[in-house]
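First comes the structure, then the notes that go with it.
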Amino acid sequence: MKIPFLFLIVCLLTACKAKPSKANRDTSKSKIVKVLPASYKASNKVISTTADTADIDEQRDAYANYYIVVADTGLNYYLLRDKMFELNKSSNIPIDTMDRGYNKAKDLIALSDKDEDEIYAGEYYPRRYPSKTLSLEYLDTYRYNTGPKTIALVAGIYENKNSADSAFQVIDKLKTAFVFKGRVYVGCMH
């Protein structure tokens, strides 16, 4: 019994013998191979030339460039709401809340949970078209690279720069006011 066991150990030791180092290998027979990323095939697929250009046009038409006049920004809804009422009194710019209010439980400017719009009831629905009214909106709807909860006291949305500049002159006394060009989604939201 000892002899077969010793024979097995010798076989295992010779099988586990260290392989020669890379320095001892013949490199003249080695090929240099370029390793491609796993996504190589996916990124080199041929794009069909029969793409529906109507879809592309529809997506392009779903956005509009508007000039947004902002009186102030912040994170406190109630503070900005008070400023909106003050600005309304001092400038006679009408207020349009679009039937939205502040939902404390959701920490969100939103339509009522009981709103007739089943999709947006209890949710934020942005102002998306030209308007000469005051409202509280989430700034990231109109401007990229802003915090998702930053609220803007919007003093109007205008189709051209001259109209926006004229509206800005009315609220120019506010040191926090500014105008910017925003890309606004005006496509279907349902």
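Please treat every number below as a calculation from the coordinates, not as lab data. Because the structure is a prediction, the values reported are computed rather than measured. Positions of Cβ are generated from backbone atoms using ideal geometry, with glycine treated the same way; all protein chains shown enter the neighbour counts.
Numerical summary
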{"quantity": "Segment Ile95-Asp172, extension gain: residue separation times 0.36 nm, minus the distance between their alpha carbons", "calculated": "25.9 nm"}
{"quantity": "Radius 13 Å from Cβ of Lys132, net charge of other residues (Lys, Arg +1; Asp, Glu -1)", "calculated": "-1"}
{"quantity": "Estimated translational D of region 65-185 in µm²/s (Stokes, Kirkwood radius over Cα pairs; 20 °C; 1.002 mPa s)", "calculated": "148"}
{"quantity": "Extension gain (nm, one decimal) between Asn145 and Asn88, 0.36 nm per residue minus Cα-Cα", "calculated": "17.6 nm"}
{"quantity": "Burial ordering of Glu137, Glu116, Glu86, Glu123, fewest other beta-carbon atoms within 10 Å first", "calculated": "Glu116, Glu86, Glu123, Glu137"}
{"quantity": "Estimated inter-spin distance, Tyr185 and Glu123, nm [label 7 Å along Cα→Cβ]", "calculated": "0.9"}
